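Values quoted throughout were computed directly from the atomic coordinates according to the rules given, and no laboratory measurement underlies them. Note that the structure is a prediction, hence the values are computed from the model and not measured. Methodologically, a virtual Cβ is constructed for each residue, glycine included, from the backbone with ideal geometry; neighbour enumeration extends over all protein chains shown.
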There are 2 protein chains.
Amino acid sequence: MKKATWIWYPGDFEINLGNRMQNRRTERGVFFPPFWKMDSHYVLVEFSKKINLEKSEEISVIAEGKCNIKLDGKMFCEKTITVPAGNHELKIKVYNQENPPAIFVSGETIVSDYTWLVTCEDKEWIDESGKASDTTSGTSYVEVGSWNFDDPQNPPSSFRLKTEIQSAVTVKSTGNGTLADFGRETFGFLVFNNLKGKGKLNIYYGESCEEAMDTAFCETLDFIDIDFAEATNYTLPDSRAFRYVYIEHTGIVFNEVSMLYEYLPVDFKGSFRCNDELVNRIWDVSAYTLHLTTREFFIDGIKRDRWIWSGDAYQSYLMNYYLMFDSAAVRRTMLYLRGKEPVTSHINTIMDYTFYWFLGIYDYYSYTGDLNFVMQIYPKMKSLLDFCLSRRNKNGLMEGLAGDWVFIDWADFPMSKSGAVGFEQYLLYCSVSATRQIAQALENKQDAEYFAALESEIQKTLYDYMFDENRQVFVHNYDKGKQSEQITPFTNIFGLWRKAFPERIAEEIKKQVLMNRDALKITTPYWKFYELGAMCEVGEHERVLNEIRSYWGDMLQLGATSFWEKYNSDEQGAEHLSMYGRPYGKSLCHSWGASPLYLLGKYFLGVQPLEAGYKTFIIEPHLGDLEWIEGDVPTPNGKIHIFRNAVEIRVMTDEGRGTLRFTCLKKPVCRTGTIIESSKNVYTIEIQSGKEYVVKMG
Amino acid sequence: MKKATWIWYPGDFEINLGNRMQNRRTERGVFFPPFWKMDSHYVLVEFSKKINLEKSEEISVIAEGKCNIKLDGKMFCEKTITVPAGNHELKIKVYNQENPPAIFVSGETIVSDYTWLVTCEDKEWIDESGKASDTTSGTSYVEVGSWNFDDPQNPPSSFRLKTEIQSAVTVKSTGNGTLADFGRETFGFLVFNNLKGKGKLNIYYGESCEEAMDTAFCETLDFIDIDFAEATNYTLPDSRAFRYVYIEHTGIVFNEVSMLYEYLPVDFKGSFRCNDELVNRIWDVSAYTLHLTTREFFIDGIKRDRWIWSGDAYQSYLMNYYLMFDSAAVRRTMLYLRGKEPVTSHINTIMDYTFYWFLGIYDYYSYTGDLNFVMQIYPKMKSLLDFCLSRRNKNGLMEGLAGDWVFIDWADFPMSKSGAVGFEQYLLYCSVSATRQIAQALENKQDAEYFAALESEIQKTLYDYMFDENRQVFVHNYDKGKQSEQITPFTNIFGLWRKAFPERIAEEIKKQVLMNRDALKITTPYWKFYELGAMCEVGEHERVLNEIRSYWGDMLQLGATSFWEKYNSDEQGAEHLSMYGRPYGKSLCHSWGASPLYLLGKYFLGVQPLEAGYKTFIIEPHLGDLEWIEGDVPTPNGKIHIFRNAVEIRVMTDEGRGTLRFTCLKKPVCRTGTIIESSKNVYTIEIQSGKEYVVKMG
């Protein structure tokens, strides 16, 4: 019997779930919804499958919604029908306003799965004689969406994250109430055992102890009316982010306060270990941070905003490829962010966040090789790009129009957002380039040529307006008819990270921007990601390690158990907790804090795909100042294991064709592979999957 | 205290209600949904109101959905807040997936009403300092939608039609069960009094007795499992269309079967009476037919399809202006039909039905003068027109592309739908013309000029390809590079009805098409509407009366208690019931059957608006062969009363400035108005509202 799974219109499960998740944010008890447009699933869709049966079989249909079943145009009242042998067309139409229409069809050979098609307008009308129109030519069918809903009793709308009970580490009476410490940043539903009495249960959550105890200013709270004559175990209805919980409970008693930890069940397929325990701890806390923020979707922070932000998610995707390799989470997030036609605004209203979405699609293809998904989403890349291109000014530059948020970074230096900002032009260029590459992957020659021409045009515009010919670096913006003088890190560093510049320019950027102690300072882990990535790209691995040790190490020193939205070493004490004009406005568990996962995986273990989906890939392990490193980098169907110290490299891979590259002053030895000296002191070995390569460099 | 009302995003109540209504169709117990795309309401919207208060006041907010209240950017936890004196901005954001977000705000002076604005993307982000962005420039606010939901306890989602109990006229045992006759076509929920027993209650509905008794082929049925040990009053959950009900109830008894008649509460503001009782009965049954099909929306038929069809609705709008003048029903229907962006298909997938929508907007403006609604919908006229224009072929003609249904009529003669069909080009021309007229009404000069140029261009194309220069009439279509020979009624008659042709062409069409007994025969009331309208336009009132007497009179003769989807006098017996290859496929209560309302109101009472909203209007009463006619034609805020016989005309109006026009062989007399002889034997009198004009022609 073939395996059936729940299927739906692609993106609709994601849109519905994303709306629900994002509308769970509260601020001091007040519902706090997003400010961008929320799409809805198609409320009426038709699933379709062509069938060729050797012998008749019985199928049963379960639907989320009101359901119409047609076999070769004949409607059935029953939900279990017999399909005779031969060729047939099965169509199932479902209406559901609250949840995405979805079906689960099970038979001997006929099952709902990814091979079905679906449409939101079947256009099948019946003429006066009762004949149905031939619709196949007029109906836009697309491949259905599905995931892992293989149980007919658990339809997509029943999706919930997993939970498990966790205890507080310390609980003590303080002030007018009780303070519980769960030992580290966590997320879930508070649980009271044997709760009894009548009165107000006032709960103040804190990512820091200061926050939990500050009942007037903590960001998250729950006020609950309790009236239990009998001792009752009580779980709160809403999940929250916290380490500390301060509870006022006059007239109410309880035995114990614990929590249901709520999480997405995923495996950590990637790993990293080295001789430096601080770096290992940073990697572990990064992994914990990323896992906490990888939920229904990749979100920004677990206390705030609990929303899906494209720029934040873009970094999560890249970290994810080195930790969980959860492709489904990437797809969910990208589907949600793009939503439905028409495009009326930038993603999250932020211009740069629109562009990161394009880059995310390309990276997804590159890491996973999933051409199917890319094919499905490609039309939406084109329509989103059309939106962007239509907003260029007469010089071909994208300025922030009414309602556009030009974000880039929370920078502590003055940064102009007026006129055309250089970094946005650069991202537009990267987006066109990504679209061109996807068109090529899909072998859509005509589109690929069109986008290649556009790419050149936009690159020229970028250099014409934003490149300072004298200093050979990119300036910040072009405003009121002239190029600004200011040099900001953004275009320079991001392009360096992407290896996008000719050598001379790269050298100047490295000197004037990247390694220049007087250059403008980056104070968010968000941009540390690109800054340290760029440093690795120019071979500054030791400096990157030291930055990791100081920037992330400092947060650990300050008591962090997950990494923060922002960290500025110039700040003191409670300043570290404040942001957005609020004393605890800062998120202390923010996905973009977890970038060491990416840096250590990509640049120290040194693995990245060359051809899509790790068909071919490079392994270029770097020690920096470490004595040894060891770890795994996941690939679509396996992993790459690497060990390196000063005298030995060991590599073992599960799939694809790798190239191990390393520098060595004397000729290395490898018994299982052929060593080629590709340039002076640089050696490569072709790595076949399934066998270990040991390279002696001693 | 000002009156508060529930408000929502315009169109969203209508879209949600229309989806629910249209997904109530069943065919022999099987759920039967539409085949076109169903949009969804915006699930997250923000309502906004600028306030200037002399003294502080308390307001309370009720919302359908999760709700966020902000006054000048400050969020409130409570739903009752105090607004201090001064200038403020109140913003209320609501999330609701299942029903359209809606609010009811009540205070002394601050109330939710039509003056509020709403957006589906407020784009209000907060920067790092906690400052909200200035969003006013980037957010597209529109005026809210509202209707008559003035009770805080009855939100829009609770909307239901009214019901009242009605008894069966006869109930008798027959076959294996009981047959109830409700005396005439009706609609509602069947009710059983003192139902008792255990078993199957099988209910077969019939618009005819034949249908109810034909358990194997009746179109509508309900099979219900009953298990009542005690006698119970039981009302069926779903409303149905029927006159007869045949009930099989082995093992089950009941005292009485009755029904809850379900209807839209509206007044019949228009009326018509004359000396011919057959014509009076036709008018009465037409009014009943239109009322039955005027429900949540203007639907086609009450048995089938119970859907909103733009072409059918277009005629209902026009009939409605002469009976109920229910502007809200017209707006609801037009909002639903247009739905949301993007346009991916013709309305109802039918090309002609897209065009009727444009005509409907223009007529709505013309009859109601409601510039507000027209302003709101105008952008959607433009985007729908863009969709159409983009689908023209290289000759500028609209052919049916894949998925387009070219309907026009259920004709009993062979009609080609291939190539470019002339009538579709004519409707495109009319649609551009309607859009141009709306642009003018909105004083949008630039658009009006653009559409005027387009109108000329499309008119030229129409004449170039579809007009037969020799015969001076319009041919059916242009296919495979040449004009067809066939002359069909459509463009010719529709254009005549619209008074669109120069005199010479009009004469030829009248002779060759309209009054030609050998011309192709129209067999639907749908096209009888235009055919008889055209006859009136060319002064053939007597013939029209005779057609009404024979066509609609024949249906009455055959026992009709409401008018049918189709009537062909060549058919016999049960043939009258069949359609679509099904013995009872024909709808016996179809809105387009009610056109005598329009014909008698517009062409016999003779009233139509000249300037929008009856600011000025014409009254030109015609007797045809009748001795006297008398009746009312509603206007936005009143009505026009008319009496006429051979020697006297009496007119009384409530608003606007009318022109009474009539032909008389000798000079008439009117004591209250000034008679002008506008041409030989044609007289006009200016009619002021509020006084009676009596014209003696004897």
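Observations on the structure shown:
- Separation of the B:GLU143 and A:THR115 label points, Cα + 7 Å toward Cβ, nm: 5.6
- Look at the dipole of segment A:474-617 built from charges on Cβ: of A:MET515, A:ASN477, A:TRP564, the Cα furthest out on the positive end belongs to A:ASN477.
- Dipole axis of the protein assembly as shown (+1 Lys, Arg; -1 Asp, Glu on Cβ), positive-most option in A:ASN16, A:GLN437, A:PRO265: A:GLN437
- Taking Cα centre as origin and charging only the Cβ of basic (Lys, Arg, +1) and acidic (Asp, Glu, -1) residues, the dipole magnitude of the protein assembly as shown rounds to 800 debye.
- For segment A:435-485, the Cβ-based charge dipole about the Cα centre amounts to some 80 debye (Lys, Arg positive; Asp, Glu negative; other atoms uncharged).
- Whole-Å distance, taken between Cα centres, linking segment B:271-301 and segment B:91-108: 39
- Taking the charge dipole of chain A about its Cα centre, with +1 at Lys and Arg Cβ atoms and -1 at Asp and Glu Cβ atoms, the residue from A:SER60, A:VAL111, A:PRO583 reaching farthest to the positive side is A:VAL111.
- B:ASP225-A:GLU108 FRET efficiency (beta carbon distance; Förster radius 41 Å; 0.05 resolution): 0.85
- If you take all other residues with their beta carbon under 14 Å from the beta carbon of B:ASN154, and give Lys and Arg +1 and Asp and Glu -1, the sum is -1.
- Sparse-neighbour loop sites [GluC sites (Glu not before Pro); segment B:34-95; at most 12 other C-beta within 10 Å; DSSP]: B:GLU54, B:GLU78
- Mean-position separation - Cα centroids, segment A:8-72 and segment B:26-43, in angstrom: 15
- Under a model in which nothing but the beta-carbon of Lys, Arg (+1) and Asp, Glu (-1) is charged, chain B shows a dipole of about 680 debye around its Cα centre.
- Modelled FRET efficiency - R0 35 Å, B:ASP151 with A:LYS198, Cβ distances, 0.05 increments: 0.50
- Other-chain or far-sequence residues with amide H under 5 Å of B:THR659's (modelled H): B:PHE617, B:ILE618, B:ILE619, B:ILE687
- Qualifying lysines (Cα of each under 18 Å from Cα of A:LYS382; at least 8 residues distant if same chain): A:LYS340, A:LYS445
- Rounded to the nearest Hz, the phi-derived 3J(HN,Hα) couplings of segment B:598-604 under the Karplus curve 6.51 cos²θ - 1.76 cosθ + 1.60 (θ = phi - 60°) are 6, 4, 6, x, 7, 10, 9, where x marks glycine and proline.
- Working from label points 7 Å from Cα in the Cα-to-Cβ sense, the A:ALA85 to A:SER418 distance is 8.0 nm.
- Spatial separation of Cα centroids for segment B:239-257 and segment B:158-185, in angstrom: 8
- For chain A, projected area of the alpha-carbon convex hull averaged over all directions, nm²: 36.5
- For the segment B:337-349, counting C-beta atoms of other chains within 10 Å of every residue's C-beta and taking the mean gives 3.
- Pair A:ARG504, B:ARG184: separation of 7 Å Cα→Cβ label points (nm): 9.3
- Given A:LYS269/A:LYS303; A:LYS499/B:LYS131; A:LYS93/A:LYS269, the pairs whose alpha carbons are separated by over 29 Å: A:LYS499/B:LYS131; A:LYS93/A:LYS269
- For A:LEU605, the residues whose amide H sits under 5 Å from its own are A:HIS622, ignoring neighbours fewer than 5 places away on the same chain, with H placed 1.01 Å from N.
- Residues whose placed amide H lies under 5 Å from that of B:MET579, excluding near-sequence neighbours: B:TYR584, B:GLY585, B:LYS586
- With a Förster radius of 56 Å applied to the beta-carbon distance between A:SER56 and A:LYS382, the computed FRET efficiency rounds to 0.80.
- Sorting the segments A:166-177, B:559-570 by their mean number of nearby beta carbons within 10 angstrom, highest to lowest, gives B:559-570, A:166-177.
- Each helix, a run of at least 4 DSSP H residues, gives -39500 (n - 2.57); summed and divided by the residues of chain A, these come to -8000 deg cm²/dmol at 222 nm.
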